[in-house]
1. Determine which member of the set P132, P74 is in contact with a Leu (Cβ under 7 Å, 6 or more places away or on another chain) and at negative phi.
2. Here is a check on your reading of the model: is A174 within 23 Å of G141 (Cβ to Cβ) and at pLDDT 90 or above?
3. Run T52 past the list (1) part of a helix (DSSP H, G or I); (2) at pLDDT below 95; (3) polar (S, T, N, Q) and report the number of the one that doesn't hold.
4. So which helices (runs of 4 or more DSSP H) are wholly in the range 100-198 and hold at least 3 residues that are closer than 24 Å to S71 by Cβ and touching a residue at least 40 places away in the same chain (Cβ under 8 Å)?
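The values are calculated or read from the model by the stated rules, or taken from the named source; none is laboratory data. Since this is a predicted model, take the numbers as computed values, not measurements. Virtual Cβ from ideal backbone geometry, glycine too; neighbours counted across all protein chains shown.
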Amino acid sequence: MSKDENCKPDLEDLFDDFAHPNPQIKEEAYLKMSRYWPEESMPRLLANLDQTDIELRRASVKALGVFGRRSLLPLVQIFHASENRIVRTSCLKAFVQVAVKFPGEAFPKEAMEVVELALQDDIPELILTVVPLLSLLGNQGFPLLLQSCKSKNILLAAIAVTALGEVDVPAAEACLKELQADDLIDDLLRGSVIDALNTLEQRNAGNPSTK
């Protein structure tokens, strides 16, 4: 028997710790779940995504992030199976957690299809979650970010424009300048474009080598 097996914590004890109000105890619990009991713990965490207990739901979203790609396809299935905006938003927030904890790791096609579906939705919570995810996905998310800047959904376009202002890629500035030159764009969106260009200009001024 390996040393890890000898030290393997009890799963129910871990879920007791997961319910603890201390965030450090909570985090240690879900890290151990991922390490020692991934197949047993992940379904229980996924089941919490429709909980009315906000703290439990948020903690479960954060915990699912440490499972990485293993959690993505189950999250895809839950997203498709539910019409509940809280559940769908929680799935996307878990996507964000995976992207944060595993930067540079590509999302599977099925997960990107969920991202595209969310971009077509009018629900503000979904939009406010999915656009930051595009920024985190780097090259994989960038084409969708550019596309979103020209959306007829002004909220989506404005948030995407703001996100572009944080992206250090020549195509981002080109897209923003194209929008700025468009006399027909919404006034709210124009304001976001100007702010994003100012953000890019200030960052480039502080990093002359990027010019």
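1. Among P132, P74, only P74 is in contact with a Leu (Cβ under 7 Å, 6 or more places away or on another chain) and at negative phi.
2. yes
3. (1)
4. Per the criteria, 124-136.
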